[in-house]
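Input: a single structure, listed below in structure tokens.
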Amino acid sequence: MSDQNKPASSPADSSRTRGTGGTREEGTTLEGGGPVRRWLGRYQVVLWTTGILVAISTLLRITLLLIFADPSGLSVMQLAEVFWVGLRFDLLVALVFQLPQVLHMTTTGNARIAGRMSRIQVHVGLFLTFAFALFISVSEYFFFEEFDSRFNYIAFEYLVYPTEVAANIQQSYPLWPVLGGISVASLLLYLALRKLTRRSLPAPLPWRRRYAMLGLTLVAIGGLWMTTGRKSVEITNNRVVNQVAYNGLWTFVENAWTSRFDYENYYPTIDPAEALQRVKERVFAATDKPTGEGLNRVVTSPRPRKDYNVVLVLEESLGSDFIGVLGDGRGLSPNFDRVSQRGILFDRFFATGNRTARALEATLTALPPIPTESILKRDHSERVTSLARILADRDYRRLFVYGGRGLFDGMRSFMLNNGFEHFVEQSDFDNPEFTTAWGVSDEAIFDRALIEFDKLHDGGKPFFATVLTVSNHQPYTYPEGRIDLDPQERRRDNAVKYADYALGRFLDQAQSHAFYDNTVFVVLGDHGARVYGAQMFPLKSYRVPVLMILPGGEAAGTRCSTLASTLDIAPTIMGLLGGAYESVFFGRDALNLPAEQGYALMQHNHDLALLENDNTVTMLRLSDEPVQYKVDPKTFVMDQGTVDPDRRDDAISFFQLANYLYYNDAYFPSAAPQTPRVAEASEH
């Protein structure tokens with residue numbers, strides 16, 4: 001008799017009996033069980049575990065819906081659909097996660113299934129399954145609290161940098177109590193199934209039935225996989241509610257799978273020559289002189305050339321919602337409000353993305369955001385046009401100052417490969433007074449920057465410096481005694497006020513330095529503090545303050561309300577410096593642009609957006625049809641309307657051309673090849 005057909009050895013071998021569906025041993029739990037339990041045998045463990053996993057996911061979904069979404073606006077049918085779609089996602093993930101256990105129970109013969117190693121594998125797997133499911137659920141709760149989203153590509157990208165992320169988690173959350181609670185809950189769930197596992201595991205099952213169970217599992221996975229996906233969660237116009245319907249493990253794997261992909265295979269495209277022409281009509285000014293293919297041109301500013309120093313300060317997570325002069329009443333930005341009277345305040349600027357890497361690529365390269373991952377970490381990033389490269393042609397010295405590790409997001413390698421000469425990072429700070437998971441405090445960053453600026457000034461050449469702060473980020477800690485708020489509270493508002501204090505201190509101290517009178521200061525939020533709100537594209541979270549302080553107090557106390565995005569920072573700086581320069585920038589000089597021609601390009605996860613001056617936003621979605629909304633400029637409520645073909649094709653043109661130029665190493669002056677060709681371009 002083959003191993004598959006032998007019952008497990010036991011003292012009762014001599015008293016084997018026949019039962020429904022095949023052999024079994026007397027004295028097992030199946031003896032008094034019903035026909036279903038006898039038929040399932042060892043697979044009862046899989047069934048019960050799957051049910052518990054789905055129950056955990058459902059409990060999480062209810063929690064997210066009640067705390068972060070507003071279910072009061074949902075109809076009964078919509079609410080039912082949220083849970084129906086969620087159930088399918090949860091079942092799919094639970095079955096995939098159970099597949100190794102199913103394979104073990106299927107391929108292990110009756111004589112070995114109750115052996116010591118087999119039992120250890122099943123019992124340990126059971127405990128680890130519950131521990132993992134509970135850990136993921138708790139992690140998802142905290143992630144949703146920060147991003148109003150299930151795990152997305154940010155969660156995937158963070159895994160690449162365990163040093164910062166692990167330290168951030170430990171400093172931001174009660175890690176050990178949470179892990180202890182998860183361990184206890186996992187043990188209790190394991191103990192609840194331990195007796196069932198011990199009794200049902202030895203029960204022999206014929207090999208045909210075992211492989212039938214494997215087949216049923218695979219069929220169920222395949223069926224759910226084919227019928228459950230991104231389209232399934234388009235239940236309401238409330239983005240947060242739709243996110244609740246997802247399963248976090250599913251979204252994590254999807255974002256990991258699509259973190260780098262070809263634009264042309266997932267988004268609508270148009271004829272490449274038409275795309276190029278449409279972008280030119282939007283980007284080229286009347287005074288621009290084309291110098292070759294693509295976007296190559298000579299841009300001439302209406303101002304005479306002045307080789308001012310340029311200091312570009314990107315403030316971590318400083319959204320417009322925190323700024324008093326932009327409407328906030330909490331008093332969190334007294335210093336920004338005060339120094340804004342020294343320069344030009346831009347009140348209608350939008351970030352291109354919701355991560356620092358996106359701000360860096362936008363402000364320094366003026367390239368529209370390619371879906372998902374920033375170019376800082378992609379291949380082909382060694383030869384990209386940048387503000388640093390252009391200023392190098394004017395014999396500027398170029399410096400980047402950062403308080404964290406240059407390894408993070410590939411910052412150091414990208415900057416040094418694309419025009420910067422010197423990169424200051426955390427390891428260059430000797431015995432800093434205060435650090436967080438993300439680096440040294442903003443004060444230390446600015447103090448070091450002033451030292452470096454003095455050295456550059458003494459060298460006799462103009463300089464361009466980019467300063468990136470880190471303090472306004474979880475765990476929201478900062479040195480004591482700087483502001484009238486307790487750092488031990490670890491609140492975002494407190495960190496904002498500290499960041500504002502450090503910025504004001506820096507700009508005040510800079511006035512006493514010799515370089516100040518010949519320097520353009522540009523201060524902006526790298527992105528909003530967090531992504532929130534029910535809108536399908538969270539525009540409100542993307543609005544950031546921008547302040548430009550010019551030498552001699554020029555234009556002090558003025559405002560610019562032209563709609564723009566951080567793509568326009570570098571061209572606007574070049575406009576202030578005057579003269580002419582060779583460019584392939586997608587951005588434009590916001591100070592020399594008719595207000596009606598303003599627009600902003602943005603990316604949120606897989607969604608791409610073009611916001612125009614009349615408050616119309618056109619969205620391109622992964623493997624789906626474009627959609628268009630009218631946006632209330634005060635509330636940011638979005639009402640869906642009919643898609644205008646011209647606006648749709650303009651939106652497509654920006655992102656399609658950006659992807660082409662970047663991946664063909666053509667985003668560089670005089671480097672563009674002949675008219676781009678997009679493989680198998682399709683009409684929408």
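What to note about this one:
- In segment 389-420, the residues that are among the acidic types (Asp, Glu) and in contact with a helix residue (DSSP H, G or I) (Cβ under 8 Å, 6 or more places away or on another chain): 409
- The one condition in (1) buried (at least 17 other Cβ atoms within 10 Å of the Cβ); (2) under 24 Å from the mean Cα position of the chain (by Cα) that residue 399 fails to fulfil: (2)
- Remark: pairs (first residue in segment 490-511, without any contact (Cβ under 8 Å) to a residue 40 or more places away in the chain; second residue assigned to a loop (DSSP other than H, G, I, E, B) and of a type in the set (Asp, Glu); Cβ separation under 6 Å; 6+ apart in sequence or on different chains) are absent.
- Listed conditions (1) buried (at least 16 other Cβ atoms within 10 Å of the Cβ); (2) more than 19 Å from residue 565 (Cβ to Cβ); (3) at pLDDT 95 or above; (4) not polar (S, T, N, Q) are all met by residue 646, apart from (1).
Let's see how each residue does on (1) modelled with pLDDT of 95 or more; (2) not aliphatic (A, V, I, L, M):
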{"position": "224", "(1), (2)": "no, no"}
{"position": "254", "(1), (2)": "no, yes"}
{"position": "266", "(1), (2)": "no, yes"}
{"position": "278", "(1), (2)": "yes, yes"}
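- Lone unmet requirement of (1) more than 27 Å from residue 58 (Cα to Cα); (2) free of Cβ contacts under 8 Å to residues at least 24 places away in the same chain for residue 124: (1)
- All of (1) in contact (Cβ under 8 Å) with a residue 12 or more places away in the chain; (2) in a helix (DSSP H, G or I) hold for residue 295 with one exception: (2).
- The residues on offer are 45, 76, 54, and the sole one that is over 16 Å from residue 92 (Cβ atoms), surrounded by 15 or more Cβ atoms within 10 Å (Cβ to Cβ) and at pLDDT 85 or above is 45.
- Only a single criterion out of (1) within 30 Å of residue 461 (Cβ to Cβ); (2) touching a strand residue (DSSP E or B) at 6+ places or on another chain (Cβ under 6 Å); (3) in contact (Cβ under 8 Å) with a residue 60 or more places away in the chain; (4) not small (Gly, Ala, Ser) is not satisfied by residue 339, namely (2).
- Count of residues meeting criterion [more than 31 Å from the chain's Cα centre (by Cα) and more than 23 Å from residue 578 (Cα to Cα)] in segment 282-326: 1
- All helices (runs of 4 or more DSSP H) inside segment 87-183 with 3 or more residues being at pLDDT 95 or above: 116-147
- The residues of segment 554-611 that are of a type in the set (D, E, K, R) and touching a residue at least 40 places away in the same chain (Cβ under 8 Å), listed by number, are 559, 568, 582, 588, 589, 607.
- Residue count for segment 385-441, restricted to those that are assigned to a strand (DSSP E or B) and not aliphatic (A, V, I, L, M): 9
Matching residues to (1) exposed (fewer than 12 other Cβ atoms within 10 Å of the Cβ); (2) among the hydrophobic types (A, V, I, L, M, F, W, C); (3) within 21 Å of the chain's Cα centre (by Cα):
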| residue | (1), (2), (3) |
| --- | --- |
| 170 | no, no, yes |
| 180 | yes, no, no |
| 184 | yes, yes, no |
| 187 | no, yes, no |
| 199 | no, no, no |
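- Selection within segment 328-370 - charged (D, E, K, R), over 30 Å from residue 654 (Cα atoms) and part of a helix (DSSP H, G or I): 337, 338, 342
- Condition met for residue 333 (of a type in the set (Ser, Thr, Tyr), buried (at least 21 other Cβ atoms within 10 Å of the Cβ) and over 25 Å from the mean Cα position of the chain (by Cα)): yes
- Qualifying residue in segment 660-667 (condition: out of contact with any helix residue (DSSP H, G or I) (no Cβ under 9 Å at 6 or more places or on another chain), over 21 Å from residue 539 (Cβ atoms) and crowded, with 16+ Cβ neighbours inside 10 Å): yes
- Whichever residue in segment 598-613 is at pLDDT 95 or above and not in a strand (DSSP E or B) and, among such residues, is surrounded by the fewest Cβ atoms within 10 Å (Cβ to Cβ): 613
- Some residue of segment 238-246 being outside any helix (DSSP H, G or I), free of Cβ contacts under 8 Å to residues at least 60 places away in the same chain, under 21 Å from residue 82 (Cα atoms) and not assigned by TED's automatic domain parsing to the domain that holds residue 603: no
- Residue ID - nearest to residue 603 (Cα to Cα), chosen from residues in segment 330-357 that are of a type outside the set (S, T, N, Q) and at pLDDT below 95: 353
- Per the listing 345, 332, the residue uniquely touching a Leu at 6+ places or on another chain (Cβ under 9 Å) and not acidic (Asp, Glu) is 345.
Yes or no, residue by residue, for (1) under 25 Å from residue 608 (Cα atoms); (2) charged (D, E, K, R); (3) not assigned by TED's automatic domain parsing to the domain that holds residue 610:
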| site | (1), (2), (3) |
| --- | --- |
| 353 | yes, no, no |
| 356 | yes, no, no |
| 371 | yes, no, no |
| 374 | yes, no, no |
| 383 | yes, yes, no |
| 390 | no, no, no |
| 393 | no, yes, no |
| 396 | no, no, no |
| 416 | no, no, no |
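- In this entry, residue 255 is excluded by the filter for residues that are outside any helix (DSSP H, G or I) and either in contact with a His (Cβ under 9 Å, 6 or more places away or on another chain) or within 29 Å of residue 156 (Cβ to Cβ) (or both).
- Long-range neighbours under 9 Å by Cβ, at least six apart or interchain, first residue on the phi > 0 side of the Ramachandran plot within segment 446-465, second buried (at least 20 other Cβ atoms within 10 Å of the Cβ) and at pLDDT 95 or above: none
- Qualifying residue in segment 301-311 (condition: closer than 27 Å to residue 473 by Cα and assigned by TED's automatic domain parsing to the domain that holds residue 541): yes
- Neighbours by Cβ (under 8 Å, 6+ apart or cross-chain): first from segment 47-76, free of Cβ contacts under 8 Å to residues at least 40 places away in the same chain; second charged (D, E, K, R): 58/90
The values are calculated or read from the model by the stated rules, or taken from the named source; none is laboratory data. Remember, it's a predicted structure, so these values are computed and weren't measured experimentally. Glycine gets a Cβ as well: all are built from the backbone with ideal geometry, and neighbour counts include every protein chain shown.
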